[in-house]
1. What distance in nm separates the two pseudo spin-label positions at Ala131 and Asp230, each 7 Å out from Cα along the beta-carbon direction?
2. Could you tell me which trypsin sites (Lys or Arg not before Pro) in region 72-174 are loop residues by DSSP with no more than 11 other beta carbons within 10 angstrom of their beta carbon?
3. Taking only Cα atoms and a 10 Å spring cutoff, compute GNM fluctuations for the chain and point out the largest among Ile106, Ile166, Ile176.
4. Return the loop-located trypsin sites (Lys or Arg not before Pro) in region 206-244 (DSSP other than H, G, I, E, B) with at most 11 other Cβ atoms within 10 Å of their own Cβ; answer none if there are none.
5. Starting from the Cα-Cα distance between Thr31 and Asp150, subtract it from 0.36 nm times their residue separation and give me the gain in nm to one decimal.
6. Please state the Cα pair-distance histogram of the chain with 5 angstrom bins from zero: what percent is in each bin?
7. Above 25 angstrom, tally the Cα pairs of region 1-110 and express them as a % of all pairs, no decimals.
8. List the relative contact order of region 102-167 as a percent without decimals, with contacts defined as Cα pairs under 8 Å and 6+ residues apart.
Amino acid sequence: MMQTEILPPVDHAAWALFLDIDGTLLDLASTPGDVVVPKDLLTLLDALTRRFGGALALVSGRSLDSIDSLFPGNRDAVGCHGAEWRLGGQTFIPQPPWPDGLLAGIEAARRRLPGVMLERKSVSLALHFRAAPEQEAAVWDVAEAAVATDPRRFDLLEGKSVIEIIPAGVGKGSAIERFMQVRPYAGRRPVFAGDDVTDESGFAAVNRMYGLSIHVGNSPTTKAQFRFPDPESLRHWLDGLNIALQGGNGHAQP
Ligand SMILES: O=P(O)(O)OC[C@H]1O[C@H](O[C@H]2O[C@H](CO)[C@@H](O)[C@H](O)[C@H]2O)[C@H](O)[C@@H](O)[C@@H]1O
Ligand SMILES: [Mg+2]
(Lines give C-alpha, C1' and ligand atoms only; values in the text may rest on other atoms or scores of the structure.)
(Ligands and ions follow the chains in the order given, each with its own letter.)
Protein backbone atom coordinates (compact mmCIF):
# COMPACT_ATOMS: atom_id res chain seq x y z
CA MET A 1 0.00 0.00 0.00
CA MET A 2 1.30 3.45 -0.86
CA GLN A 3 2.31 5.67 2.04
CA THR A 4 2.52 9.44 2.02
CA GLU A 5 5.74 11.09 3.05
CA ILE A 6 6.64 8.44 5.65
CA LEU A 7 9.92 7.45 4.11
CA PRO A 8 12.54 5.42 5.92
CA PRO A 9 15.87 7.07 6.77
CA VAL A 10 18.09 7.51 3.72
CA ASP A 11 21.76 6.88 4.41
CA HIS A 12 24.10 8.77 2.07
CA ALA A 13 26.65 5.93 2.14
CA ALA A 14 24.16 3.21 1.22
CA TRP A 15 21.70 4.78 -1.23
CA ALA A 16 21.75 6.24 -4.75
CA LEU A 17 19.33 8.94 -5.94
CA PHE A 18 17.58 8.89 -9.33
CA LEU A 19 15.39 11.92 -10.05
CA ASP A 20 12.94 12.52 -12.87
CA ILE A 21 12.72 16.15 -14.03
CA ASP A 22 9.35 17.35 -15.39
CA GLY A 23 6.57 17.05 -12.84
CA THR A 24 9.01 15.75 -10.21
CA LEU A 25 11.92 18.15 -9.66
CA LEU A 26 10.24 20.88 -11.71
CA ASP A 27 6.65 22.08 -11.84
CA LEU A 28 4.96 21.45 -15.17
CA ALA A 29 4.68 24.40 -17.57
CA SER A 30 2.78 25.20 -20.78
CA THR A 31 5.69 24.24 -23.02
CA PRO A 32 8.99 22.38 -22.44
CA GLY A 33 10.86 25.67 -22.73
CA ASP A 34 8.78 27.43 -20.09
CA VAL A 35 9.84 25.39 -17.07
CA VAL A 36 11.51 27.25 -14.23
CA VAL A 37 14.42 25.81 -12.27
CA PRO A 38 13.86 27.16 -8.75
CA LYS A 39 16.57 29.26 -7.22
CA ASP A 40 18.87 27.07 -5.11
CA LEU A 41 17.87 23.76 -6.79
CA LEU A 42 21.21 23.50 -8.64
CA THR A 43 23.10 24.14 -5.42
CA LEU A 44 20.99 21.55 -3.63
CA LEU A 45 21.64 18.92 -6.33
CA ASP A 46 25.37 19.68 -6.22
CA ALA A 47 25.40 19.24 -2.44
CA LEU A 48 23.44 15.97 -2.61
CA THR A 49 25.69 14.65 -5.37
CA ARG A 50 28.71 15.22 -3.12
CA ARG A 51 27.03 13.73 -0.06
CA PHE A 52 25.98 10.59 -1.97
CA GLY A 53 29.49 10.06 -3.30
CA GLY A 54 28.45 11.00 -6.84
CA ALA A 55 25.54 8.51 -6.87
CA LEU A 56 22.87 10.94 -8.11
CA ALA A 57 21.47 10.91 -11.64
CA LEU A 58 18.72 12.80 -13.45
CA VAL A 59 16.45 10.38 -15.34
CA SER A 60 14.33 12.13 -17.93
CA GLY A 61 12.41 11.94 -21.16
CA ARG A 62 14.23 15.12 -22.18
CA SER A 63 17.35 14.90 -24.32
CA LEU A 64 20.74 15.23 -22.64
CA ASP A 65 21.11 18.62 -24.36
CA SER A 66 17.90 19.85 -22.80
CA ILE A 67 18.84 18.39 -19.39
CA ASP A 68 22.20 20.17 -19.58
CA SER A 69 20.61 23.49 -20.43
CA LEU A 70 18.38 23.25 -17.34
CA PHE A 71 20.93 21.59 -15.03
CA PRO A 72 24.44 22.47 -16.22
CA GLY A 73 27.42 20.68 -14.72
CA ASN A 74 28.09 17.53 -16.75
CA ARG A 75 25.89 15.58 -14.35
CA ASP A 76 25.14 11.87 -14.54
CA ALA A 77 21.90 11.69 -16.50
CA VAL A 78 19.62 9.48 -18.56
CA GLY A 79 17.93 11.18 -21.52
CA CYS A 80 15.15 10.30 -23.98
CA HIS A 81 13.58 7.81 -21.54
CA GLY A 82 16.71 5.65 -21.41
CA ALA A 83 17.91 5.85 -25.01
CA GLU A 84 20.95 8.01 -24.15
CA TRP A 85 22.95 8.63 -21.01
CA ARG A 86 25.99 10.21 -19.38
CA LEU A 87 27.77 8.37 -16.59
CA GLY A 88 31.02 9.54 -14.99
CA GLY A 89 31.55 12.04 -17.81
CA GLN A 90 31.20 9.39 -20.57
CA THR A 91 28.27 10.00 -22.90
CA PHE A 92 26.37 7.46 -25.00
CA ILE A 93 24.08 8.87 -27.71
CA PRO A 94 22.94 6.42 -30.42
CA GLN A 95 22.04 7.38 -33.97
CA PRO A 96 18.44 8.58 -34.41
CA PRO A 97 16.39 5.51 -35.36
CA TRP A 98 14.13 7.19 -37.92
CA PRO A 99 14.82 7.81 -41.60
CA ASP A 100 14.60 11.44 -42.84
CA GLY A 101 11.43 10.63 -44.77
CA LEU A 102 9.59 9.54 -41.65
CA LEU A 103 10.58 12.71 -39.81
CA ALA A 104 9.40 14.84 -42.74
CA GLY A 105 6.08 12.97 -42.79
CA ILE A 106 5.51 13.56 -39.06
CA GLU A 107 6.37 17.24 -39.42
CA ALA A 108 3.95 17.59 -42.36
CA ALA A 109 1.19 15.88 -40.36
CA ARG A 110 1.88 18.14 -37.35
CA ARG A 111 1.47 21.25 -39.52
CA ARG A 112 -2.11 20.13 -40.16
CA LEU A 113 -2.79 20.05 -36.39
CA PRO A 114 -2.95 23.61 -35.01
CA GLY A 115 -1.55 23.93 -31.50
CA VAL A 116 0.44 20.68 -31.67
CA MET A 117 4.19 21.01 -31.14
CA LEU A 118 6.87 18.60 -32.34
CA GLU A 119 9.84 18.36 -29.96
CA ARG A 120 12.66 16.85 -31.97
CA LYS A 121 15.16 15.24 -29.62
CA SER A 122 18.42 13.42 -30.27
CA VAL A 123 16.86 9.95 -30.37
CA SER A 124 13.15 10.43 -29.83
CA LEU A 125 10.28 12.61 -31.02
CA ALA A 126 7.55 14.11 -28.86
CA LEU A 127 4.21 15.37 -30.15
CA HIS A 128 2.86 17.79 -27.52
CA PHE A 129 -0.84 18.68 -27.40
CA ARG A 130 -1.03 20.57 -24.04
CA ALA A 131 -2.04 23.72 -25.96
CA ALA A 132 -4.61 21.83 -28.05
CA PRO A 133 -6.15 18.95 -26.05
CA GLU A 134 -8.80 18.50 -28.75
CA GLN A 135 -6.04 17.19 -31.04
CA GLU A 136 -5.16 14.19 -28.84
CA ALA A 137 -6.86 11.58 -31.03
CA ALA A 138 -5.28 13.02 -34.18
CA VAL A 139 -1.85 13.00 -32.50
CA TRP A 140 -2.31 9.33 -31.59
CA ASP A 141 -3.12 8.63 -35.26
CA VAL A 142 0.06 10.35 -36.46
CA ALA A 143 2.25 8.61 -33.87
CA GLU A 144 0.73 5.17 -34.46
CA ALA A 145 1.16 5.54 -38.22
CA ALA A 146 4.82 6.45 -37.69
CA VAL A 147 5.47 3.43 -35.46
CA ALA A 148 3.63 1.16 -37.90
CA THR A 149 6.26 1.93 -40.55
CA ASP A 150 8.74 -0.20 -38.55
CA PRO A 151 7.33 -1.59 -35.28
CA ARG A 152 10.56 -3.47 -34.55
CA ARG A 153 12.44 -0.16 -34.27
CA PHE A 154 9.95 2.16 -32.58
CA ASP A 155 7.76 2.22 -29.50
CA LEU A 156 5.05 4.68 -28.45
CA LEU A 157 5.11 6.25 -25.01
CA GLU A 158 2.24 8.23 -23.56
CA GLY A 159 3.14 11.05 -21.17
CA LYS A 160 1.43 14.16 -19.84
CA SER A 161 -0.24 15.83 -22.85
CA VAL A 162 2.37 14.21 -25.07
CA ILE A 163 2.85 11.12 -27.22
CA GLU A 164 6.46 10.14 -27.86
CA ILE A 165 8.08 7.94 -30.50
CA ILE A 166 11.09 6.27 -28.89
CA PRO A 167 13.54 3.56 -29.96
CA ALA A 168 12.08 0.10 -29.28
CA GLY A 169 13.06 -1.52 -26.00
CA VAL A 170 14.32 1.52 -24.10
CA GLY A 171 12.95 2.53 -20.71
CA LYS A 172 13.85 4.21 -17.45
CA GLY A 173 13.82 0.88 -15.58
CA SER A 174 16.59 -0.68 -17.66
CA ALA A 175 18.53 2.61 -17.56
CA ILE A 176 18.48 2.63 -13.74
CA GLU A 177 19.51 -1.05 -13.69
CA ARG A 178 22.45 -0.20 -15.97
CA PHE A 179 23.65 2.59 -13.67
CA MET A 180 23.28 0.30 -10.63
CA GLN A 181 25.86 -2.08 -12.07
CA VAL A 182 28.73 0.42 -12.03
CA ARG A 183 30.48 2.70 -9.55
CA PRO A 184 29.52 4.77 -7.66
CA TYR A 185 26.01 3.27 -7.85
CA ALA A 186 26.90 -0.43 -7.52
CA GLY A 187 26.38 -1.84 -4.05
CA ARG A 188 23.90 0.89 -3.10
CA ARG A 189 20.10 0.79 -2.98
CA PRO A 190 18.29 3.01 -5.49
CA VAL A 191 15.77 5.73 -4.64
CA PHE A 192 13.76 6.85 -7.68
CA ALA A 193 11.26 9.71 -7.72
CA GLY A 194 9.00 10.24 -10.74
CA ASP A 195 5.55 11.53 -11.62
CA ASP A 196 4.33 9.88 -14.79
CA VAL A 197 3.32 6.55 -16.32
CA THR A 198 6.66 6.74 -18.13
CA ASP A 199 8.31 6.34 -14.70
CA GLU A 200 6.52 3.12 -13.79
CA SER A 201 9.26 0.91 -15.27
CA GLY A 202 11.71 2.79 -13.02
CA PHE A 203 9.51 2.19 -9.97
CA ALA A 204 9.29 -1.53 -10.82
CA ALA A 205 13.08 -1.74 -11.23
CA VAL A 206 13.90 -0.11 -7.88
CA ASN A 207 11.22 -2.20 -6.13
CA ARG A 208 12.98 -5.34 -7.45
CA MET A 209 16.27 -3.99 -6.07
CA TYR A 210 14.76 -3.36 -2.59
CA GLY A 211 14.98 0.38 -3.25
CA LEU A 212 12.58 3.23 -2.57
CA SER A 213 10.08 4.28 -5.24
CA ILE A 214 8.41 7.66 -4.83
CA HIS A 215 5.48 8.87 -6.93
CA VAL A 216 5.00 12.63 -7.19
CA GLY A 217 1.31 13.28 -7.82
CA ASN A 218 -1.95 11.44 -7.27
CA SER A 219 -1.98 8.43 -9.58
CA PRO A 220 -4.16 5.71 -8.05
CA THR A 221 -2.42 2.94 -9.99
CA THR A 222 1.29 3.57 -9.49
CA LYS A 223 3.69 0.83 -8.43
CA ALA A 224 5.59 3.36 -6.28
CA GLN A 225 5.70 2.69 -2.54
CA PHE A 226 5.65 6.31 -1.39
CA ARG A 227 4.10 9.54 -2.52
CA PHE A 228 4.60 13.28 -2.46
CA PRO A 229 1.71 15.41 -3.73
CA ASP A 230 3.74 17.78 -5.91
CA PRO A 231 7.29 18.80 -6.94
CA GLU A 232 7.46 21.42 -4.20
CA SER A 233 7.02 18.73 -1.50
CA LEU A 234 9.68 16.55 -3.13
CA ARG A 235 12.09 19.50 -3.27
CA HIS A 236 11.35 20.19 0.39
CA TRP A 237 12.16 16.54 1.25
CA LEU A 238 15.44 16.74 -0.71
CA ASP A 239 16.29 19.93 1.13
CA GLY A 240 15.61 18.24 4.47
CA LEU A 241 17.73 15.26 3.39
CA ASN A 242 20.64 17.57 2.68
CA ILE A 243 20.26 19.42 5.98
CA ALA A 244 20.05 16.16 7.95
CA LEU A 245 23.17 14.83 6.23
CA GLN A 246 24.91 18.12 6.98
CA GLY A 247 24.17 17.33 10.63
CA GLY A 248 26.59 14.44 10.25
CA ASN A 249 24.51 11.45 11.39
CA GLY A 250 24.25 10.16 7.83
CA HIS A 251 20.50 9.70 8.11
CA ALA A 252 17.61 11.85 7.05
CA GLN A 253 14.01 11.91 8.10
CA PRO A 254 11.29 13.47 5.93
O1 LIG B 1 10.84 12.26 -17.81
P2 LIG B 1 10.60 13.70 -17.54
O3 LIG B 1 11.81 14.42 -17.02
O4 LIG B 1 9.42 13.94 -16.67
O5 LIG B 1 10.26 14.34 -18.96
C6 LIG B 1 9.03 14.00 -19.60
C7 LIG B 1 8.77 14.95 -20.73
O8 LIG B 1 8.84 16.26 -20.14
C9 LIG B 1 8.65 17.37 -21.02
O10 LIG B 1 7.29 17.45 -21.39
C11 LIG B 1 6.42 17.58 -20.26
O12 LIG B 1 6.77 18.78 -19.53
C13 LIG B 1 6.53 20.03 -20.23
C14 LIG B 1 7.01 21.15 -19.33
O15 LIG B 1 6.36 21.12 -18.10
C16 LIG B 1 5.03 20.13 -20.55
O17 LIG B 1 4.78 21.34 -21.26
C18 LIG B 1 4.60 18.92 -21.40
O19 LIG B 1 3.20 18.94 -21.61
C20 LIG B 1 4.97 17.61 -20.67
O21 LIG B 1 4.68 16.49 -21.49
C22 LIG B 1 9.57 17.27 -22.21
O23 LIG B 1 9.24 18.26 -23.15
C24 LIG B 1 9.56 15.90 -22.85
O25 LIG B 1 10.60 15.85 -23.83
C26 LIG B 1 9.83 14.85 -21.80
O27 LIG B 1 9.80 13.55 -22.39
MG1 LIG C 1 8.24 13.49 -15.20
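The values are calculated or read from the model by the stated rules, or taken from the named source; none is laboratory data. Because the structure is predicted, anything quoted here is derived from the model rather than measured. Here Cβ is always computed from backbone atoms with ideal geometry, including for glycine, and neighbour counts include all displayed protein chains. Note: areas computed on protein heavy atoms with side chains; ligands, DNA, RNA excluded. Shrake-Rupley method; radii C 1.70, N 1.55, O 1.52, S 1.80 Å.
1. It is 2.5 nm.
2. Here the trypsin sites (Lys or Arg not before Pro) that fit, given the DSSP loop and packing criteria, are Arg112, Arg152.
3. Top of the fluctuation ranking is Ile106.
4. Here no trypsin sites (Lys or Arg not before Pro) fit, given the DSSP loop and packing criteria.
5. 39.9 nm
6. 1, 6, 14, 18, 19, 17, 11, 7, 4, 2, 1, 0
7. Cα-Cα pairs in region 1-110 separated by more than 25 Å: 34 percent.
8. 30 percent
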